[in-house]
Amino acid sequence: MRATLMKPMCRAFLSLLLLLLPLVALAANDTLTQRISPYSVGETLDRLEAVLGEKGVTVFARIDHSAGAKDAGLTLRPMQLLIFGNPKAGTPLMQAAPTIGLDLPLKVLAWEDDAGKVHVVWNSPSYLIERHGLDAGYTKNLAAVEGLISAALK
């Protein structure tokens, strides 16, 4: 009789596990914010650089991953990374939690998928705050990135 009860319990547990796995995958994606761009990878980051320049934000580097792959004799769909920041916003974060220096300056990745759709991805401000144990009040120092990206994608 005991073995008879175990089979339905095991099935119920496995069913519950299968139902919860997609939720775990969704939760893992909360660390990234993503938008679709109507522009090419290059034009998307050109537009973002222009918006950043208008706002006085420093662009530190632009890395063309697909060009790097080509130089190595490999192929990679268009993909570029923009590294930028504002010391007035970032310095207080690093004073409060020096480890956030791993994630600052901010980075935005633009890449083209197999269907030709351009994705724009960055670390969510809430993820960075939680990751480095900062008080939620510091979120405002990072939240401007979303508005800047939205302006570039118009």
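Values computed for the structure shown
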read-out	value
Rounded to the nearest 20 debye, dipole of segment 32-96 from Cβ charges on Lys, Arg, Asp, Glu	160 debye
Which of 71, 135, 103 is most accessible, then next, and so on - probe 1.4 Å	71, 135, 103
Net dipole in debye of segment 70-113 [+1 Lys, Arg Cβ; -1 Asp, Glu Cβ; about Cα centre; nearest 20]	120 debye
Those residues of segment 84-116 whose amide nitrogen sits under 20 Å from the label point placed on residue 135, 7 Å along Cα→Cβ	88-101
Cα-based radius of gyration of segment 24-154 once divided by 2.2 N^0.38 Å, which approximates compact folds	1.09
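The values are calculated or read from the model by the stated rules, or taken from the named source; none is laboratory data. Owing to the predicted nature of the structure, the values given are computational and were not obtained by experimental measurement. Here the Cβ is made from the backbone with ideal geometry for all residues, glycine too, and neighbour counts use every protein chain on show. Remember, those area values only see protein heavy atoms, side chains included, never the ligands or the DNA or RNA. Shrake-Rupley method; radii C 1.70, N 1.55, O 1.52, S 1.80 Å.
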